[in-house]
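First the structure, in the form of structure tokens, and then the observations on it.
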Amino acid sequence: MNKMYGLCFHAVRQTAGLKSSRLLQRRAFRVSTLHRQQPFDSTLEKPQFPGASAEFVDQLEFIEPNVISGIPVYRVMDRQGNIINPSQDPQLSKETVLNFYQKMTMLNTMDRILYESQRQGRISFYMTNYGEEGTHIGSAAALNPNDLVFGQYREAGVLMYRGFSLDHFMAQCYANADDLGKGRQMPVHYGSKDLNFVTISSPLATQIPQAAGAAYAVKRENSNRAVICYFGEGAASEGDAHAGFNFSATLECPLIFFCRNNGYAISTPTNEQYRGDGIAARGPGYGMLSIRVDGNDVFAVYNATKEARRRAVAENQPFLIEAMTYRIGHHSTSDDSSAYRSVDEVNYWDKQDHPISRLRHYMTARGWWSEDDERSWRKQSRKTVMEAFERAERRLKPNPELLFTDVYQEMTPQLNKQRESLWRHVQQYKEHYPLDLYDK
Amino acid sequence: MAAAARFFIRGANSRLSISGFGTGAQSCFGAALLRLSPGCSSRTKTQRRHASHFTYQPDPVPTQYGPTQKMNLFQSVTSALDNTLASDPTAVIFGEDVAFGGVFRCTVGLRDKYGKDRVFNTPLCEQGIVGFGIGVAVAGATAIAEIQFADYIYPAFDQIVNEAAKYRYRSGNLFDCGNLTIRAPWGCVGHGSLYHSQSPEAFFAHCPGIKVVIPRGPVQAKGLLLSCISDKNPCIFFEPKILYRAAVEQVPVEPYTIPLSQAEVLQEGSDVTLVAWGTQIHVMREVANMAQEKLGVSCEVIDLQTILPWDTETVCKSVVKTGRLLISHEAPITGGFAAEISSTVQEECFLNLEAPISRVCGYDTPFPHIFEPFYIPDKWKCLEAIKRMINY
Ligand SMILES: Cc1ncc(C[n+]2csc(CCOP(=O)(O)OP(=O)(O)O)c2C)c(N)n1
Ligand SMILES: [Mg+2]
């Protein structure tokens, strides 16, 4: 058996050798000995099962789930925005911090305007990011711009940080002719090839194993890129989440799993979603490095993501970050959360522990941000959002022709026939179709 | 994203107002928030959702099942579930967000009335929901599983197709999960786009061992759902979500059943048979009126109600009489259930046909958001198909 182990090892080395072309030299498929089974030795009084290695015991004892409970929450700032341990201060420049703040508040402003516009029937649907701005901006800032993002739907701040314009956000929500997604999806299903942000899909958790595959491919490209995958604590219950965690660990993918644990999946509270110690507790089960952070502390999120990213790429392994936060808004415009949670609970997070206020305290304490700055920034950001909003509202919808394209890469004869029959029909029954609202 | 639930929420003004970040200092956004510059609101009306593509026609008040009450479709579903929980102590109801009443309000009040061990939330996992339901049923209890949207039933596809559908057969009838009923909101809703609009019945029609049922309104919903629950085979019950609020009828309060695998002739006619199910029935009814008025054509309207196993006899009998058949559904035309009906009718009624069987269905594309008015098999497309059949 000892020999066999040696053989295997040899085989691995050989394959690695075969592949160690120029391209793969720097980030070869390291098979770290750490993850490898112990060599078999029948003289040792140790379990030799291929699936696990440890000691034998002679006491009957079940492992209690709470031996891994109470994973601490990493933070850098307290609720008043004071740095707790100076060694953890990311020492970001004033300019960087102001940018964080402006992105977080701009997102909040955009949310409120689009939420209201849905209420007025101007767009069909919306989902706000209230209270989770710190998780978005902190993590986005810690990535390289070419790191690939797989999101769930409540990560608009990541896209905003990367420079997605207000016009693009609005165009998508309005499904107008400028929508990069060609008006096909519901509002908030953004995507941007230029910004390495894979288009959002409504079915939950599907992006999780996809992110593992993408990270694997990125690793083989040897291009110093990582992949980040966002998901909610609810989505983490899906089978796909298990698949993604396990695949990325066994296939050693440079991937950051970023779980936004905001307390709810629509109406379902976390105590009906899982019974372990949250999502971070699952990491060890998959052989994955994990951390829990205070998601309302943008610096804690930044530090954790930065380090996870650095190590994911250097060591080719996945990291799991569980960012604890709170969904202050309703799940979506379809939801009225007062049916399942108290206003007091929401108010606590809105007024006492908000990521935006925390950062503002920090900036104020440093003399980087005054009341006047705040007032003029609010005015200015609101104006910018409203202008983009008005532009989007005026735009026509995309050409109905786009109903039939991109189903396949090429237009099939069958679809072409259907397309032609629709046009013939619409010409004949013009008065019954809202053609004037659509681009010609 | 529970998008379609918005029509239940609209108008129900939220008690919770989110002020904006931090100290709430931004709460000054109010009514003035969206005061647009002049000229900008010109399109406002048209930005709103397109007017409904059908006119709901309520069923006559049923007299044979005792006293009735005014109910919409989600309330009639609740009433069926209520009857079941009351009469069957083994029955349990579960799914995502079911405990607080469900995103479409179908389980409102049931948890309080029957206890949280009988009406409960599951973790967010459709394969888990169906697998769990199969287990409940195999152990002899009644399982009513809710999938939040038909579009999200696919993670459970394996449990439905390989497990639920084959349990009885593969065990030589030693075990079965006939006590399982899976409910899911279904069909287009005006603004649901790719993942809140689908009609996946054809996938399951290819799956011997399960039954697939779709009601056209509240009275049918209650009777058919109760039939599914008491039927000794696993059933999928798709609920047209656009009708949850829009469809209101006098529904019997007491339990009653409407037989599965029986189509219903809603309107007799002599020239063309129109077959549909769910929401599309209401489009067809309107089309039948239009055909009569505009073309002088007499249509027979049939609600198939059960997709699998379906009532070939009622449909074929009608086509023998009319010689023409139009089938219409929202799902893509290729491989849709209309293809199955068309093929069977062609085999059974070949010599009676006066024109090729016509299908007006969704195009072979995903369900698109902003192009929905062009995508759906609306009344004008159906009317045009009738014209062509008559002039064939
Ligand atoms: C496969 C699937 N099942 C159900 C849904 C309906 N749904 C949309 S969002 C949501 C809750 C998700 O909660 P979580 O993952 O915690 O994210 P959060 O909304 O809290 O950000 C549900 C059940 C869906 N989109 N996809
Ligand atoms: Mg959540």
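Simple rule: put +1 on each Lys or Arg Cβ and -1 on each Asp or Glu Cβ in chain A, find the dipole, and look at A:142, A:125, A:195; the Cα lying farthest toward the positive end is A:195.
Distances between placed amide hydrogens fall under 5 Å for residue B:91 paired with B:142, all partners being 5 or more residues away or on another chain. Taking every alpha-carbon pair under 8 Å whose residues sit at least 6 apart, chain A reaches a relative contact order of 19 percent.
Angle of helix A:207-221 to the longest C-alpha principal axis of chain A, folded into 0 to 90 degrees and rounded to 10: 70°.
Note on the protein assembly as shown: dipole from Cβ charges, positive end direction compared against B:195, A:305, B:319; the farthest Cα belongs to A:305. Sort region B:69-157 into rounded, prolate or oblate with this rule: let a ≥ b ≥ c be the square roots of the eigenvalues of the Cα gyration tensor; rounded if a/c is under 1.5, and if a/c is not under 1.5, prolate when a/b is larger than b/c, oblate otherwise. Judged from the Cα gyration tensor, region B:69-157 comes out oblate (a/c at least 1.5, b/c at or above a/b). Phi-derived couplings, Karplus 6.51 cos²θ - 1.76 cosθ + 1.60 at θ = phi - 60°, listed residue by residue for region A:45-50: 8, 10, x, 10, 4, x Hz, with x used for Gly and Pro. Annotation: amide H of residue B:307 within the under-5 Å range of B:212, B:213, B:214, sequence separation 5 or more or interchain, hydrogens built in the peptide plane. Close amide H pairs (under 5 Å, H built 1.01 Å from N) link residue A:129 with no residue at least 5 positions away or on another chain.
Using only side-chain charges placed at the Cβ, +1 for Lys and Arg and -1 for Asp and Glu, the dipole size of region B:264-390 relative to its Cα centre rounds to 360 debye.
When the Cα atoms of region B:113-250 are enclosed in a convex hull and the volume is divided per residue, what value in Å³ results? Could you put the intermediate results ahead of the total?
Values: hull volume 16.0 nm³, N = 138.
Considering the Cα atoms of region B:113-250, their hull volume per residue is 116 Å³.
Averaged over the residues of peptide B:373-383, the number of Cβ atoms from other protein chains lying within 10 Å of each residue's Cβ is 4.
Summarise the partner chain shielding of A:116-129 as one whole number: the mean count of Cβ atoms from other chains within 10 Å of each residue's Cβ. Numbers along the way, then the final one.
Details: counts 5, 4, 2, 5, 6, 6, 7, 3, 12, 10, 3, 3, 1, 0.
Mean inter-chain Cβ contacts per residue within 10 Å come to 5.
By how many nm would the segment from residue A:250 to residue A:364 lengthen if fully extended, with 0.36 nm per residue of separation less the alpha-carbon distance?
Working: separation 114, 0.36 × 114 = 41.04 nm, distance 4.62 nm.
Gain on stretching residue A:250 to residue A:364: 36.4 nm.
Sequence-ordered 3J(HN,Hα) estimates for region A:319-325 from the Karplus curve with 6.51, -1.76 and 1.60 and θ = phi - 60° stand at 10, 10, 10, 9, 9, 7, 8 Hz, glycine and proline given as x.
By the helix-only formula, in which each DSSP H run with n ≥ 4 contributes -39500 (n - 2.57) and the sum is divided by residues, chain B has a 222 nm mean residue ellipticity of -8500 deg cm²/dmol. The charge dipole of the protein assembly as shown, taken about its Cα centre with unit charges on the Cβ atoms of Lys, Arg (+1), Asp and Glu (-1) only, comes to about 2120 debye.
Arranged from highest to lowest average of other beta-carbon atoms within 10 Å per residue, in what order do the peptides A:121-129, B:169-177 appear?
A:121-129, B:169-177
Distance between the 7 Å Cα→Cβ label points at residue A:437 and residue A:390: 2.2 nm. Within the accessible area of the protein assembly as shown, the carbon and sulfur atoms contribute 53%, probe 1.4 Å, all protein chains present.
Here the spin labels are modelled as points 7 Å beyond Cα on the Cα-Cβ line, and at residue A:416 and residue A:430 they lie 2.7 nm apart. Within the straight-line cut-off of under 22 Å between alpha carbons, the lysines reachable from residue B:166 are B:211, B:232, sequence neighbours fewer than 8 places apart in one chain being disregarded. For the protein assembly as shown, the alpha carbon convex hull comes to 203 Å³ per residue, rounded to a whole number.
Measuring with a 1.4 Å probe in the full set of protein chains, what accessible area per residue, in whole Å², belongs to the protein assembly as shown?
41 Å²
For the interface of A with B, what's the total buried accessible surface in square angstrom, probe 1.4 angstrom, rounded to the nearest hundred? All intermediate terms of the calculation are to be shown ahead of the outcome.
Values: alone 23390 and 18220 Å², together 34350 Å².
Interface area, both chains combined: 7300 Å², rounded to the nearest 100.
Take a quick pass over region B:264-390 and tell me how many lysine pairs come in under 21 angstrom between Cα atoms, counting only ones 8 or more apart or on separate chains. Could you put the intermediate results ahead of the total?
Values: B:294/B:379; B:294/B:381; B:294/B:387; B:321/B:387; B:379/B:387.
Final tally of qualifying lysine pairs is 5.
Take every residue in peptide A:332-343, count the Cβ atoms of other chains within 10 Å of its Cβ, and give the average of those counts. Intermediate results must be reported in sequence, preceding the final value.
On the way: counts 7, 8, 13, 9, 8, 5, 5, 9, 4, 2, 1, 3.
Mean shielding count: 6.
Our note on the geometry: Cα centres of region A:282-345 and region B:234-265, 43 Å apart.
Straight-line reach from residue A:103: taking Cα to Cα under 17 Å and skipping same-chain neighbours fewer than 8 places apart, the lysines in range are A:94, A:379, A:383. Highest GNM mean-square fluctuation among B:87, B:342, B:328, for chain B modelled with Cα contacts below 10 Å: B:87. Note that region A:173-187 has calculated 3J(HN,Hα) couplings of 5, 7, 6, 9, 5, 8, 5, 4, x, 6, x, 8, 10, 5, x Hz, one per residue in order, obtained from phi through the Karplus relation 6.51 cos²θ - 1.76 cosθ + 1.60 (θ = phi - 60°); glycine and proline are x. Where in region A:261-283 is the amide nitrogen less than 14 Å from a point lying 7 Å along the Cα-to-Cβ axis of residue B:158? What the label zone holds, given the 14 Å backbone N cut-off, is no residue at all. Put simply, when A:133-144, A:158-169, B:99-110, A:378-389 are sorted by average Cβ atoms within 10 angstrom per residue, most first, you get A:133-144, B:99-110, A:158-169, A:378-389.
Restricting the count to DSSP beta bridges whose residues both fall in the protein assembly as shown, what percent are antiparallel, rounded to a multiple of 5? Please list the in-between numbers first.
On the way: 14 of 72 bridges.
For the protein assembly as shown, the DSSP antiparallel bridge percentage is about 20.
Bridges between two residues of chain A, per DSSP, are antiparallel at a rate of about 15%. Looking only at A:235, A:175, A:314, which one moves most when chain A is put into a Gaussian network model with springs between Cα atoms under 10 Å? Result for chain A, Cα springs under 10 Å: A:314 fluctuates most. Helical content of chain A, expressed as a calculated mean residue ellipticity at 222 nm, amounts to -12500 deg cm²/dmol (DSSP H runs of 4 or more residues, -39,500 (n - 2.57) each, divided by residue number, nearest 500).
Is there a quick way to get the dipole size of region A:86-393? I mean about its Cα centre, with the Cβ of Lys and Arg at +1 and of Asp and Glu at -1; what is the value in debye to the nearest 20?
Details: 33 positive and 37 negative charges, 98 e Å.
So the magnitude is around 460 debye.
Lys/Arg Cβ at +1, Asp/Glu Cβ at -1, dipole of the protein assembly as shown taken about the Cα centre: which of B:179, A:86, A:429 is farthest positive-ward? Positive-most Cα among the choices belongs to A:86.
The label-point distance for residue A:217 and residue B:293, in a model that sets each label 7 Å from Cα toward Cβ, rounds to 5.4 nm.
The values are calculated or read from the model by the stated rules, or taken from the named source; none is laboratory data. These numbers were taken from a predicted model, which means no experiment stands behind them. All Cβ positions, even for glycine, are placed from backbone atoms using ideal geometry, and neighbour counts span all protein chains on display. With ligands, DNA and RNA removed, areas are computed over all heavy atoms of the protein, side chains included. Shrake-Rupley method; radii C 1.70, N 1.55, O 1.52, S 1.80 Å.
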